[in-house]
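The values are calculated or read from the model by the stated rules, or taken from the named source; none is laboratory data. Worth saying up front: this structure is predicted, and the values here are computed from it rather than measured. Neighbour counts are summed over all protein chains in view; Cβ atoms, including those assigned to glycine, are modelled from backbone coordinates with ideal geometry. Please note that ligands, DNA and RNA were not included when accessible areas were found on the heavy atoms of the full protein model with its side chains. Shrake-Rupley method; radii C 1.70, N 1.55, O 1.52, S 1.80 Å.
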Amino acid sequence: MEVTQVLFNAQSIDGTVRKNAEESLKQFQEQNLPGFLLSLSGELANEEKPIETRKLAGLILKNALDAKEQHRKFELVQRWLSLDATAKSQIKACLLQTLSSPVFDAHSTTSQVIAKVAGIELPQKQWPELIGSLLSNVHQIPAYAKQATLETLGYLCEEVSPDVIDQDQVNKILTAVVQGMSASEGNIDVRLAATRALYNALGFAQANFSNDMERDYIMRVVCEATLSAEVRIRQAAFECLVSISSTYYEKLTPYIQDIFNITSKAVREDEEPVALQAIEFWSSICDEEIDILEEYGGEFTGDSDVPCFYFIKKALPALVPMLLETLLKQEEDQDQDEGAWNIAMAGGTCLGLVAQTVGDDIVPLVVPFVEENITKPDWRQREAATYAFGSILDGPSPEKLIPLVNVALTFMLSALTKDPNSHVKDTTAWALGRIFEFLLGSAVDLPIITQANCQQIVTVLLQSMKDTPNVAEKACGALYFLAQGYEGEGESSPLTPFFQEIVQSLLTVTHREDVGDSRLRTAAYETLNEVVRCSTVETAPLVLQLVAVIMMELHNTLESQKLSSEGREKQSELQGLLCGCLQVIIQKLGSSETTKYAFMQYADQIMGLFLRVFAFRSATVHEEAMLAIGALAYATGADFAKYMPEFYRYLEMGLQNFEEYQVCAVTVGVVGDISRALEEKIVPYCDGIMTQLLKNLSSNQLHRSVKPPIFSCFGDIALAVGEYFEKYLMWAMSALQSAADLSTHIAGDDELVEYTNSLRNGILEAYSGIFQGFKNSPKTQLLIPYAPHILQFLDGIYMEKDMDDMVMKTAIGVLGDLADTLGNHASSMIQQSVSSKDFLNECLSSEDLLVKESAQWAKLAISRAISV
């Protein structure tokens, strides 16, 4: 098979030629994998071949080694490991040879492929000579070979975890990289490749950063690189500094003054990509200090790993003026572009983080800038002043801010209606939203909103909803936070008199002609939902009137025929928003008996609409409609049974949707809602549901985040159907046991610990539901054989000491449920259990009230079981 021609054809403009070529590549791969990979690596290494085919060969090789989906990646890794050893050696030899190719596309693609192979082999203790041969390449004469090798070292550090490479080799890699970065390296491409490689290698440098001499050397080279004549090197060097600021925060003290000098020079004088990274350095320092201060509540104690060095506080007098200057560098059309990011925005974001880090100390440094610029004729100055004010509202104390806000409010309301510039209005509406978000709920005796100014605020915001889309969107946002500020006010809220007018204005926004091309429609519905969610009893009749309006809108989206694919997508997005809105209304009206009764007249029609949305069928809508049905089931209770015959097939489709795993997770949650609503009326559907859930658990294609909710769902079903669950007990318990065993021996990073805790919580919720479901039934003895394993699981979790409060509460609850359901059968098992007594005592003295309550109940249940 002439592979060059096929690779050429695979890039043909002619669809048929392309399709045939892709087909033959696929067949070649399936019939003879070693031959396929060898011929690709040969193509990549062959200097006679055209660059297009070499590049594609490299890309196909890379994709044969790695994939985004975890289960696919695992398959590819296993496939490579089981490949014939001779073939693998030949492929790797070709790759190393191509690294010194003078053709950029060839060696650059090869760098990535080598790193992918290393990512598979190094953890398996294979290819031990790789790093040595790369390092010997670094001293080669042609600059392109040196550049390619440094790139490869960088990618390699990205692929493997630091514990895979021993310290001696790490030292050699860092030496090569840092030498490649130094100013004495004449070739720009080499220096750039080295700087980017250092960025990836920083995670390996723990030991080197603990050594003063080595750290000084690395820091000196990085700081020198920020002064290079080549802009890409300066940018890459600042990216290294940003990474160092979070990885090695505690080592920065000796360098912080120099870093301040080079970052402030870059922010004021350098090109935008470099200046953005220089600002990012300080944002990153803020993140570190906010975390440290939150974790130790400001009281620095001896047990903290990292003390707070208060870099931001010390730099304030120089840092804040530098950031305020950046706010004047706005771009003309930044409000229109959703992904816009520029110096002014980065500076404002950093200013906001500084305010969170230092609190009250920032206020006197920013207020003079605001007062000086807020009335200037140039729009840039007015906008910058408004942006500065809005940025510092989260961090300082309400006592410090509210007197300022009370002065500013009237001015801002007038600017929002009268300022001639759209930028200024946009930022003003955003800043008002920040005032409402951070200062309304703060229990301070100085109210910002009074009966007197409430009318004016609402009038101005509703007026601004008719402004340009970006101003209108920010006005919706401000109203959102205004409504949220009065959540839970019980009987009356200052917004109650304006409820009808607010709802009407928001509905009008959703019908604006220009609503399609921005986030405005979504913002209007989100705000409408919040206004409904936070409304008081007085406005319930008005919420009830809204049901028919939103139903009509949803009905209209289902009527429109023959849409283009873009039109269909817009339509399904709108259906999603309307289903979301109905969900909030259902939850609101379903939460009290009087309104629930009035709402029930619409239940059949609403369910009919949701079923039509499913028939319209697109994943996103599916999800919103599914959530809304969960709310409807909760509100209608046992009456929901009449919808099950028609709804069941969509429920099943949702549970089978592995591709869009969020849809699957939402559906699992809805099965729980329906179980709680229907109780034993769900029995006819249990076989299908339990079969599908067990199938989902055993699949390695389903995203792991869906598994914990599936276990909780077992508990909901068992609680609903009681002893009828006997039919599934053996299967469910076996799945729970193997997951329980997995979840007690996991050491890993924070993300893994978090997942493990949610998995444990799901397992425990299942046990809890099963015990409560079987309570008082003659079949409780069926559970006795499982009790020792469950107690062992509880011991295991307790011994690991890494559970969060949520798991603690559920776990101690399960101990209580076990004692409560099994009675004297459980007493000797509990008394023999290794840690249940210690666990119980620890929970009884917990500061978390929910854990404490759960433990008091468990104590009572255990004492009853033991005394029998």
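For the chain, what's the relative contact order in percent, using C-alpha pairs closer than 8 Å and at least 6 residues apart?
On the way: 1124 pairs, mean separation 37.0, N = 868.
Relative contact order of the chain: 4 percent.
Which of the GluC sites (Glu not before Pro) found in region 811-868 are in a DSSP loop and have at most 15 neighbouring Cβ atoms, other than their own, within 10 Å? It would help to have the intermediate numbers written out before the result.
On the way: sites: 842, 847, 853; in loops: 847.
Loop-located and lightly packed - 847.
Mind ranking 345, 552, 653, 607 by accessible surface for me, highest first, 1.4 Å probe? Each step should come with its number before you reach the end.
Details: 345 45, 552 105, 653 70, 607 0 Å².
Of 345, 552, 653, 607, the descending order of accessible area is 552, 653, 345, 607.
Answer with a single label: of [x] 32.0; [y] 28.5; [z] 33.5, which was calculated as Kirkwood radius over Cα pairs in Å from the structure in view?
[x]
I need the trypsin sites (Lys or Arg not before Pro) found in region 76-122, filtered to DSSP loop residues with at most 11 other beta carbons within 10 Å of theirs. Let's see the in-between values first.
On the way: sites: 79, 88, 92, 116; in loops: none.
Answer by residue number: there is no such site.
What figure in square angstrom, to the nearest 10, would you give for the accessible area of residue 864 with a 1.4 Å probe?
120
Amide H to amide H, which residues 5 or more places from residue 329 or on other chains are under 5 Å from it, using H placed in the peptide plane?
Placed amide hydrogens put 344 under 5 Å from residue 329.
Probe 1.4 Å, all protein chains in place: accessible area of residue 217 in Å², nearest 10?
Roll a 1.4 Å probe over it and residue 217 shows about 90 Å².
Would you rank 127, 731, 857 by solvent-accessible area, highest first, keeping every protein chain in place and using a 1.4 Å probe?
The ranking, largest first, comes out as 731, 857, 127.
State the percent of C-alpha pairs, over all pairs in region 752-799, separated by a distance greater than 18 angstrom. Spell out each step's value before the answer.
Details: 409 of 1128 pairs.
Cα-Cα pairs of region 752-799 separated by over 18 Å account for 36 percent.
Through the Karplus equation 6.51 cos²θ - 1.76 cosθ + 1.60, θ set to phi - 60°, convert the phi angles of region 652-664 into ³J(HN,Hα) values in whole Hz; use x for Gly and Pro.
Taking θ as phi minus 60°, the curve returns 5, 4, x, 5, 8, 7, 6, 4, 9, 5, 5, 4, 4 Hz for region 652-664.
Using each residue's phi in region 217-227, evaluate 6.51 cos²θ - 1.76 cosθ + 1.60 at θ = phi - 60° and report the 3J(HN,Hα) Karplus result to the nearest Hz, with x for Gly and Pro.
Once θ is set to phi - 60°, the couplings for region 217-227 become 5, 4, 5, 5, 5, 5, 5, 5, 5, 5, 10 Hz.
Could you rank 71, 825, 703, 139 by how accessible they are, 1.4 Å probe, largest area first? The partial results should precede the final answer.
Working: 71 45, 825 105, 703 75, 139 130 Å².
Ranking 71, 825, 703, 139 by accessible area, largest first, yields 139, 825, 703, 71.
Positive end of the dipole of region 407-535, charges at C-beta (+1 Lys, Arg; -1 Asp, Glu), about the Cα centre: which of 506, 410, 527 has its Cα farthest in that direction?
So the residue we want is 410.
Would you mind listing how long region 734-868 runs along its three principal axes, going by Cα atoms, in whole Å with the largest first?
44, 34, 24
Accessible surface of residue 250 in the full protein assembly, 1.4 angstrom probe, to the nearest 10 Å²?
70
If you roll a 1.4 Å probe over the heavy atoms of the protein chains, what accessible area per residue do you get for region 407-535, in Å²? Before the final figure, lay out the partial values.
On the way: 5330 Å² over 129 residues.
Per residue, region 407-535 has an accessible area of 41 Å².
Placing unit charges on C-beta atoms (Lys and Arg positive, Asp and Glu negative, everything else neutral), compute the dipole magnitude of region 208-306 about its Cα centre in debye, rounded to 20.
Values: 7 positive and 22 negative charges, 115 e Å.
Around 560 debye, computed over region 208-306.
Find the relative contact order for region 407-535 and round it to a whole percent, using C-alpha pairs within less than 8 Å whose residues are 6+ positions apart. It would help to have the intermediate numbers written out before the result.
On the way: 139 pairs, mean separation 34.5, N = 129.
Taking the mean separation of contacting Cα pairs over the length of region 407-535, I get 27 percent.
Based on the alpha carbon coordinates of region 563-690, what radius of gyration and maximum Cα-Cα distance (Dmax) apply, in Å?
14.4, 45
Determine the relative contact order of region 727-867: mean sequence separation of Cα pairs under 8 Å and six or more apart, normalised by residue count, in whole percent. Don't skip to the end; give the middle numbers.
On the way: 147 pairs, mean separation 36.5, N = 141.
Taking the mean separation of contacting Cα pairs over the length of region 727-867, I get 26 percent.
For region 369-377, just list the computed ³J(HN,Hα) in residue order, Karplus coefficients 6.51, -1.76 and 1.60, θ = phi - 60°, integers in Hz, with x standing in for Gly and Pro.
Ordered by residue, 3J(HN,Hα) equals 5, 5, 4, 6, 9, 5, 10, 5, x Hz.
Pairs 49/125; 125/172; 801/837; 146/172: which are spaced more than 27 Å apart, C-alpha to C-alpha? Mind dumping the intermediate values first?
Numbers: 49/125 34 Å; 125/172 19 Å; 801/837 15 Å; 146/172 15 Å.
Long pairs (Cα-Cα over 27 Å): 49/125.
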